[in-house]
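Reviewing the structure listed below.
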Amino acid sequence: MTKNNAKPKILIIYTGGTIGMIEDPVSKVLKPFDFSHLIDNVPKIKKLDFEIGNLQFDPPIDSSNMNPSHWSMIAKEVEANYDDYDGFVVLHGTDTMAYTASALSFMLENLDKPVIITGSQLPIGEVRTDGEENLLTALQIAAARNSRSDAMVTEVAILFENHLLRGNRSSKVSADNFNAFMSNNAAVIANGSWMVGDFLEDGGKWSNGFDGATVRGDVLPGNVALANNDGYQYWIPASVSAEEQEVAKAFILFVLQQDNIEAYMLAEGGVAPKLTVSEEYTATASENKLLYEYVNAVNKDTIIVPNAGDIMTSSIGNTEFGNLLPLLISGELTPEAFCAQLSVLAQETALD
Ligand code: ASP
């Protein structure tokens with residue numbers, strides 16, 4: 001295993017799936033790549049400066065053909081190589097990735113190193129592939145350590161596009177979107193494009209204080225959810241002053257006022273199970289068939305929250321949002337104007 005300051009040692013276990021496909025230049029047929037060509041397809045791996053070992057299924061398989069014997073092959077390889085590596089990346093087809101992640105999480109007990117499973121929607125050799133990003137991010141997370149040299153992730157997790165999800169709480173939710181995996185109930189470990197930066201920071205700044213256990217849901221995959229009153233700190237920049245944090249909290253309470261939540265839900269289709277909604281809201285919601293169905297599908301056991309992601313994208317949360325706070329404190333911006341400015345910034349960010 002890596003000593004302090006030595007290069008991280010990561011073992012990639014390539015099982016198959018779309019991520020490993022490349023087009024045969026002559027026949028144009030997709031075929032699994034030979035692992036030794038990985039660096040040719042993802043030259044940026046060299047920039048990571050990791051020591052990378054690899055093992056591969058022979059032949060690589062479509063994940064619809066995975067069965068428990070394959071799960072145990074992966075688990076045994078992790079076990080056999082456990083002391084020699086700092087982390088493990090399993091490349092896997094998306095169709096049954098969540099099943100394998102669940103199985104491995106139960107098979108590999110007492111982990112103190114990361115086992116990160118990833119794949120992609122487009123083959124790694126395609127120009128627009130998501131496989132390159134997913135592989136590089138998975139490798140970075142598998143290597144991430146805090147200042148005490150402890151691994152940042154010590155469990156089986158799925159990394160896919162913007163989400164790092166607890167292995168046994170993940171589901172495939174799309175056959176097309178790059179954000180193809182989501183988690184039910186408190187399973188998001190990290191969320192957003194800023195996540196790798198946070199991983200590389202000192203452990204004390206772990207995801208801006210983000211604690212996945214406090215997240216109760218996210219109705220819009222890919223957005224930053226304002227999960228509950230305890231979860232908000234994670235998008236308030238850690239660098240702002242205590243006074244600015246107070247103002248930010250006051251702003252959140254403003255956003256969470258009943259009429260603001262109702263307006264949001266009518267516009268975006270969210271639901272707030274713990275909110276006793278007004279008659280006006282019910283009447284307006286009933287006019288929209290989809291919203292009506294949605295609202296009535298929720299009962300007291302449902303854990304879904306209003307999502308403020310549209311005005312709180314992570315990039316705004318980290319930069320522009322902090323810059324606007326002093327204006328809010330000095331009274332130059334009313335909460336309404338603050339909200340409006342954030343919305344404009346959010347739209348600009350979304351268009352980038
Ligand atoms: N059929 C493929 C698999 O699950 C799909 C994918 O990788 O996205 O292996």
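Couple of notes before you dig in:
- The set of residues in the stretch 52-74 that are within 14 Å of the ligand (Cβ to nearest atom) and either over 23 Å from Lys31 (Cα atoms) or surrounded by fewer than 16 Cβ atoms within 10 Å (Cβ to Cβ) (or both) comprises Pro59, Asp62, Ser64, Asn65, Asn67.
- Residue check, Ala143 within 17 Å of Leu164 (Cα to Cα) and open to solvent by 10 Å² or more (accessible area, probe 1.4 Å): yes
- Here Glu77 passes the criteria (1) assigned to a helix (DSSP H, G or I); (2) touching a helix residue (DSSP H, G or I) at 6+ places or on another chain (Cβ under 7 Å); (3) open to solvent by 10 Å² or more (accessible area, probe 1.4 Å) except the one numbered (2).
- Flag for Ile10 being buried (at least 16 other Cβ atoms within 10 Å of the Cβ), more than 16 Å from the ligand (Cβ to nearest atom) and in a strand (DSSP E or B): yes
- Qualifying residue in the stretch 107-115 (condition: modelled with pLDDT under 85, among the hydrophobic types (A, V, I, L, M, F, W, C) and open to solvent by 40 Å² or more (accessible area, probe 1.4 Å)): no
- Number of the exception - Tyr85 against (1) within 16 Å of the ligand (Cβ to nearest atom); (2) crowded, with 20+ Cβ neighbours inside 10 Å; (3) more than 21 Å from Phe160 (Cβ to Cβ): (1)
- Some residue of the stretch 112-121 being in contact (Cβ under 8 Å) with a residue 24 or more places away in the chain and part of a helix (DSSP H, G or I): no
- Criterion violated by Val29 - all others in (1) over 18 Å from Glu133 (Cβ atoms); (2) touching a helix residue (DSSP H, G or I) at 6+ places or on another chain (Cβ under 6 Å) satisfied: (2)
The values are calculated or read from the model by the stated rules, or taken from the named source; none is laboratory data. Bear in mind the structure is a predicted one, so any value in this text is a computation, not a measurement. Backbone-built Cβ (ideal geometry, glycine too); neighbour counts: all protein chains shown. Calculation scope for accessible area: heavy atoms of the full protein, side chains included, ligands and nucleic acids excluded. Shrake-Rupley method; radii C 1.70, N 1.55, O 1.52, S 1.80 Å.
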